[in-house]
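Trainee: Here it is, the structure in full.
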Amino acid sequence: MIEPSQLLVPGAAVLIALALALTVVWLYRRRGIADALDDRHDRLKLALWATGERYWDYDVESRQLRRLLDDAPGGDRQMREDTVAVEALVHPDDMAPARDMLQRYLDGASNRYEVQLRVLGDDGRWMWVRVRGRAVARDASGQVLRIAGTALDVSATREAERERRIAATVLRSMAEAVAVLDADFHYVSVNPAFLRMTGYAEREILGRTASLLGSAQNDSALYRQIRNHARQQIQWSGELWLRRKDGDETLTALELRTVRGPDDHSMLHVCVFNDITRQKRTEQELRYLANFDTLTDLPNRALLSERLSRAIVRAHRQDSRVGLLLLDLDRFKEVNDSFGHSAGDRILRAAALRLQRTVGNQHTVARLGGDEFTIVIEDLADPLDTERVAREIINAFQAPLLLDDRREVSISPSIGIAIYPDHAQVPTELLKRADTAMYQAKAAGRCTFIRYDDHMDVAARQRAVVSGALRRALDRGELRLVFQPRMALSPPRITGVEALLRWSSPEHGDIAPSDFIPIAEENGMILEIGEWVLREACMMLQRWRQHGLDDMAVSVNVSVLQLLRGDFTDVVARVLDDVGIPAHLLELELTESVLMANAEQSAAQLHAFRALGVSLAIDDFGTGYSSLAYLKRLPITTLKIDKAFVDGLPHDAEDSAITPTIVAMGHSLGLRVVAEGVETRAQMRFLAERGCDEIQGFWISPPLEAAQCLAFVRNWRPASMQLPHRAPLVTSP
Ligand SMILES: Nc1nc2c(ncn2[C@@H]2O[C@H](COP(=O)(O)O[C@H]3[C@@H](O)[C@H](n4cnc5c(=O)[nH]c(N)nc54)O[C@@H]3COP(=O)(O)O)[C@@H](O)[C@H]2O)c(=O)[nH]1
């Protein structure tokens with residue numbers, strides 16, 4: 001029989017064994033669970049490490065944050081963690097957004113907690129983290145007690161994003177047009193400046209090939225060159241025409257670089273375009289302005305010098321000659337002043353055209369300025385060829401130039417010729433020689449050409465010396481006036497004198513007015529000298545008036561420059577006023593050519609002189625090209641027949657026919673007619689018999705010093721002249 005105690009013992013033992021077994025199982029399972037947990041923990045740790053995320057757990061009430069710190073995986077299985085107050089961790093500026101987000105989440109406005117903020121890193125620096133979390137514990141009423149989640153360091157991403165945004169903003173706001181093309185030269189990105197430059201919308205460009213903007217102005221070799229550079233990843237820069245959507249073409253400065261695309265495999269061509277159309281145009285305009293004369297479109301002095309230099313270098317190499325023609329339009333200034341400056345411009349343009357047509361395009365025709373032109377003739381086989389060209393030019397100018405539809409003007413050239421290497425070796429000297437020759441052509445009577453020779457230089461140098469001396473002559477008192485009496489024929493009496501200028505230079509001796517007045521006109525001194533002459537002549541007359549010669553008049557020669565000076569009427573009025581002689585006793589003599597060339601322009605001024613009461617004479621009448629129609633419109637009082645028509649009287653048939661005609665014509669216009677250069681009694685008789693009003697010339701008296709002139713006039717008696725009775729007026733031979 002089994003004792004209950006015996007029964008108990010095995011039962012207890014079973015129980016104990018069972019308990020032990022259970023304990024072992026439990027312990028075993030617990031160990032298994034712990035192992036499984038450790039495993040999961042490691043996996044979580046691995047996952048967090050792999051994603052770069054950090055685990056955190058936040059206690060809403062204590063506002064403490066428990067962090068699982070980021071250790072290297074596979075090492076210590078004890079995860080390091082710490083607990084910090086949120087305020088100690090989060091950047092003060094980001095506390096508010098963090099709290100706001102928390103509140104929204106706690107209020108249920110957001111189904112997860114997500115925010116980006118700066119937290120203090122392990123190294124003590126702020127770093128941007130993206131924080132995400134959800135509630136992991138709630139109380140019975142559903143209130144969130146804890147939130148757990150992960151935090152990811154996004155500093156680098158944010159920096160990259162910031163840089164991308166800056167780059168995009170810069171690209172958008174860049175003045176330069178930027179286009180990015182893929183490896184096959186298709187547009188993949190363009191900026192607004194590019195769209196503005198090309199006139200296309202973005203959708204019309206993206207995906208299209210670069211040839212969309214191709215221009216025929218670009219050489220196909222240029223495209224090949226650009227593409228080759230791009231493919232070889234060599235930077236390319238240069239000029240490229242782009243054809244806009246509207247068909248217009250834009251010249252651009254292109255900078256092309258090839259870079260790796262974001263995937264690191266593909267190539268992207270980044271093109272930066274600058275619109276240089278205007279800059280180029282400005283450059284071209286500047287180059288044009290620097291080298292061409294804008295009025296005639298001919299090369300200017302600068303370009304001429306360049307071409308002439310090159311021609312000389314070539315001629316030197318080939319042992320050949322270069323001819324240089326320097327051409328000046330005769331009396332252009334007078335024509336210009338007469339017809340007005342815009343007409344003058346038209347004449348210059350027409351002259352330029354005629355020159356170019358005459359010499360042909362193979363020779364350089366340039367405008368040096370004013371009415372001066374040059375022609376460069378290269379490969380001169382014979383120096384005489386320059387004269388042939390000069391002759392052709394003079395012939396070409398025989399036909400008048402068209403001023404406009406209705407008017408035309410005849411203008412002749414004077415041409416100076418110089419030849420390399422015969423006359424000079426360098427362009428400047430060659431030009432000087434041609435200029436000297438041109439002056440000689442002018443002096444020889446204009447409308448002609450003259451080839452330079454060495455003697456001419458002496459004359460040119462002398463002219464320069466005289467010009468310099470003349471500038472000092474007034475101040476040094478080297479100028480004086482002489483006076484030539486003028487006599488009325490019926491009844492005979494001395495009516496007045498013509499004041500004539502004389503220059504006695506201590507260095508150069510007596511210089512004739514015909515030599516120095518053109519120089520004074522050239523260098524502008526005539527204005528000062530002319531005013532001096534006017535004042536001196538009036539003062540002398542006033543002195544003679546005080547000696548009883550109170551009905552005598554004085555004539556003063558007026559040069560074209562004085563006439564054209566706007567204030568000459570004022571000068572005359574002031575002198576008359578200062579000196580105090582009656583205006584009608586002053587006569588201004590203007591040469592016929594001056595007056596005719598300036599008829600239109602100066603008519604108003606002549607009327608102003610007449611309004612002052614001053615008399616006006618046409619000097620050297622018959623030598624110019626006056627028309628009666630013009631004469632009639634001018635308020636002239638006197639006509640002075642040029643000595644050239646008096647010289648042949650009374651025997652020369654032409655002079656004998658012309659002078660009475662001029663007398664009759666003058667009278668028909670109501671003018672007083674004076675014959676100049678009367679040297680003989682026979683001339684005087686002829687003129688007196690034909691009704692000429694007055695004479696002047698050596699037969700009465702040569703020009704006299706002031707004192708002698710006064711004595712001459714005072715002592716003059718009509719009987720001494722043995723004057724004839726007036727013959728009937730003859731108007732034709
Ligand atoms: N603008 C100015 N021009 C002036 C002035 N003074 C003179 N001149 C001009 O110079 C030119 C030459 O003048 P000049 O050498 O004085 O000769 C004058 C007379 O001496 C000369 N003359 C007069 N009578 C005779 C003569 O019988 N025979 C002869 N062989 N010569 C004679 O003629 C000149 C006068 O010419 P004109 O003026 O045309 O009446 C001359 O063109 C002067 O005008 C000045 O101050 N300003």
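The values are calculated or read from the model by the stated rules, or taken from the named source; none is laboratory data. Just so it is clear, the model here is predicted, and its values are computed rather than measured. Cβ atoms come from the backbone with ideal geometry, glycine included; neighbour counts cover every protein chain shown.
Trainee: In segment 668-705, which residues are of a type outside the set (D, E, K, R), outside any strand (DSSP E or B) and in contact with an Asp or Glu (Cβ under 8 Å, 6 or more places away or on another chain)? Explain how you work it out, then say what you get.
Mentor: So in segment 668-705, the residues of a type outside the set (D, E, K, R) come out as 668-671, 673-675, 677-678, 680, 682-684, 686-688, 691-692, 695-704.
In the following step, the residues that additionally are outside any strand (DSSP E or B) were identified as 668-671, 677-678, 680, 682-684, 686-688, 691-692, 697-703.
Selection gives Gly677, Gly697, Phe698, Trp699, Pro703.
Trainee: Among all residue pairs at least 6 apart or on different chains, which show Cβ distances below 8 Å where the first residue, located in segment 505-521, is of a type in the set (Val, Ile, Thr) and the second is near the ligand (Cβ under 8 Å from one of its atoms)?
Mentor: Cβ pairs passing all conditions: Ile517/Leu501; Ile517/Ile526; Ile517/Ser559.
Trainee: Being buried (at least 17 other Cβ atoms within 10 Å of the Cβ) and among the β-branched types (Val, Ile, Thr) is the filter here; which residues of segment 662-700 pass it?
Mentor: Answer for segment 662-700, where residues must be buried (at least 17 other Cβ atoms within 10 Å of the Cβ) and among the β-branched types (Val, Ile, Thr): Ile662, Val663, Val673, Val674, Val678, Ile695, Ile700.
Trainee: Among the residues of segment 435-476, how many are more than 16 Å from the ligand (Cβ to nearest atom), surrounded by fewer than 21 Cβ atoms within 10 Å (Cβ to Cβ) and assigned to a loop (DSSP other than H, G, I, E, B)?
Mentor: Count: 7.
Trainee: Would you check if there is a residue in segment 357-376 being farther than 19 Å from Ser305 by Cα, at pLDDT 90 or above and in a loop (DSSP other than H, G, I, E, B)?
Mentor: There is at least one residue in segment 357-376 that is farther than 19 Å from Ser305 by Cα, at pLDDT 90 or above and in a loop (DSSP other than H, G, I, E, B).
Trainee: Here's something else I'd like to know. In segment 495-518, what residues are within 12 Å of the ligand (Cβ to nearest atom) and more than 23 Å from Ile700 (Cα to Cα)?
Mentor: From segment 495-518, those within 12 Å of the ligand (Cβ to nearest atom) are 497-503, 510-518; that's our starting set.
Across segment 495-518, the qualifying residues are Trp503, Asp510, Ile511, Asp515, Phe516, Ile517, Pro518.
Trainee: With the requirement that a residue be buried (at least 22 other Cβ atoms within 10 Å of the Cβ) and either acidic (Asp, Glu) or within 13 Å of the ligand (Cβ to nearest atom) (or both), what does segment 643-661 give you?
Mentor: Phe645, Val646, Leu649, listed by residue number.
Trainee: Next up: From Asp510, Asp550, grab the single residue that is in a loop (DSSP other than H, G, I, E, B) and at negative phi. Walk me through how you get there before you give the answer.
Mentor: Details: Asp510 fails: in a loop (DSSP other than H, G, I, E, B).
Exactly one of Asp510, Asp550 is in a loop (DSSP other than H, G, I, E, B) and at negative phi, namely Asp550.
Trainee: If a residue must be within 16 Å of the ligand (Cβ to nearest atom) and either surrounded by fewer than 17 Cβ atoms within 10 Å (Cβ to Cβ) or under 18 Å from Gly677 (Cα atoms) (or both), how many such residues does segment 479-494 contain? Quick ask: steps written out before the conclusion?
Mentor: Start the filter on segment 479-494 by keeping residues that are within 16 Å of the ligand (Cβ to nearest atom), which leaves 479-487, 489, 494.
Subsequent filtering for residues that are either surrounded by fewer than 17 Cβ atoms within 10 Å (Cβ to Cβ) or under 18 Å from Gly677 (Cα atoms) (or both) retains 480, 482-487, 489, 494.
Total meeting the criteria: 9.
Trainee: Exactly one of (1) modelled with pLDDT of 90 or more; (2) outside the structural domain of Ile641 (by TED's automatic domain parsing) is unmet by Glu408. Its number?
Mentor: (1)
Trainee: Next question, about the same structure. I need the full set of residues from segment 523-559 which are more than 16 Å from the ligand (Cβ to nearest atom), of a type in the set (S, T, N, Q) and modelled with pLDDT of 95 or more, in order please.
Mentor: Taking segment 523-559 first, the residues more than 16 Å from the ligand (Cβ to nearest atom) are 542-552.
Filter again for of a type in the set (S, T, N, Q), leaving 542, 546.
Hit for segment 523-559 is Gln542, nothing else.
Trainee: Let me ask another. Limited to segment 297-332, what total is found for residues that are among the β-branched types (Val, Ile, Thr) and either in contact with a Pro (Cβ under 6 Å, 6 or more places away or on another chain) or touching a residue at least 12 places away in the same chain (Cβ under 8 Å) (or both)?
Mentor: Step one: filter segment 297-332 for residues among the β-branched types (Val, Ile, Thr), giving 312-313, 322.
If we keep only those that are either in contact with a Pro (Cβ under 6 Å, 6 or more places away or on another chain) or touching a residue at least 12 places away in the same chain (Cβ under 8 Å) (or both) as well, we get 312, 322.
Here the count works out to 2.
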